[in-house]
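Okay, so here's the structure we're looking at.
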Amino acid sequence: MITELKLLKRIIGFCSLLLLLPSYAYAEDTQFPLVKNQPIDENLPKNAGLDIIGFHLLMNINEVEAKVPELLKQGYKVSHNDDVIRSLDDLKGNLVSYKYGRSQTMINKSHDFIILNYTSALLGSRIESIRRIVYYDDEVDISTVDSGLLDKFGNPTYQTSSTSQIDYKYFFDFGIQLENMDQDTYKNRKCWQSALNSPRNVYLPIYRFDPNRQNELQFCKSGIEVNVVYGASKKRSKEVNFFVWDHDLSFKNLKIQDEFLYEALLAKRKTDENLESAQLELGSRF
């Protein structure tokens, strides 16, 4: 009898705990909708000279999928990440969660790796950045790599070199390439994309909600960065790293998610409590 009473108490306690857990809008049932008539910045021209093996910024998932059969014939392996969930709760028992849509497509074969990063479904799941890394089986002549890059992309906006690599940087404002940029102009305009000064969490899997997100930094709108890494000597190359990005599109992608999640959570709160917007105290960030 004592054992049965203990078991009953545990069951009652567990059920009471469940009542305290947040009220979920289950992510597996809820997709981000497409925000219609949302303008998409086209800062980087859709130009064959600016693509990475046929991919360019603003391509949508259907356009990417159309290229997969040919990639498979060329020996590439193709996989996708469709598991990202973006959520927001108020620590008062209310939470909204939405599937991001496809976040990445990974393409690789041997020593060739390509990652396509997409906006959320809210902006139509369009490519916002492309990264490609090629590792050479045998080190190649730097002059051959250099001439190949100039033939494909033209003269860089800015070029630097160090003891380990050469960096070619191509920057664009509203589709127009910036030319003849000196080091001071380059630093003042902050024409680069990194985990520290890009829109928050462009590279990170964790999403941080910011209802007052501001695009305060002065960036060149879009760009291509190519890093040629030296091999055994400065005359030889062992790898090339490409990065194509659209800063404004990345920022807009985060901002529109902030707005959508905030309004979705507020609507969920009002359904039960009729609270005004100013009374919404945001809790954990996802």
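The values are calculated or read from the model by the stated rules, or taken from the named source; none is laboratory data. Computed from a predicted structure; not experimentally measured. In this analysis, Cβ positions are derived from the backbone assuming ideal geometry, glycine residues included, and neighbour counts consider all displayed protein chains. Side chains are part of the model used for accessible areas, which takes the heavy atoms of the whole protein and leaves out ligands, DNA and RNA. Shrake-Rupley method; radii C 1.70, N 1.55, O 1.52, S 1.80 Å.
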For the peptides 53-59, 176-182, 116-122, what is the packing order when you average, over each peptide's residues, the other Cβ atoms within 10 Å and list the highest mean first? 116-122, 53-59, 176-182
Once the piece of chain linking ASN37 and GLN183 is laid out straight, how much longer is it, given 0.36 nm per residue of separation minus the C-alpha distance between them? 48.6 nm
Please compare each pair in LYS169/LYS238; LYS190/LYS238; LYS73/LYS221; LYS67/LYS190; LYS36/LYS270; LYS190/LYS252 to a cut-off of 30 Å on the Cα-Cα distance and tell me which ones are over it. LYS73/LYS221; LYS67/LYS190
May I ask you to rank THR160, THR271 by accessible area, largest first, using a 1.4 Å probe over the protein chains only? THR271, THR160
For segment 75-148 the mean separation of alpha carbon contacts under 8 Å (6+ apart) over residue count, i.e. relative contact order in percent, is 23
With all protein chains present, calculate the accessible area of SER164 using a 1.4 Å probe and round the result to the nearest 10 Å². 60
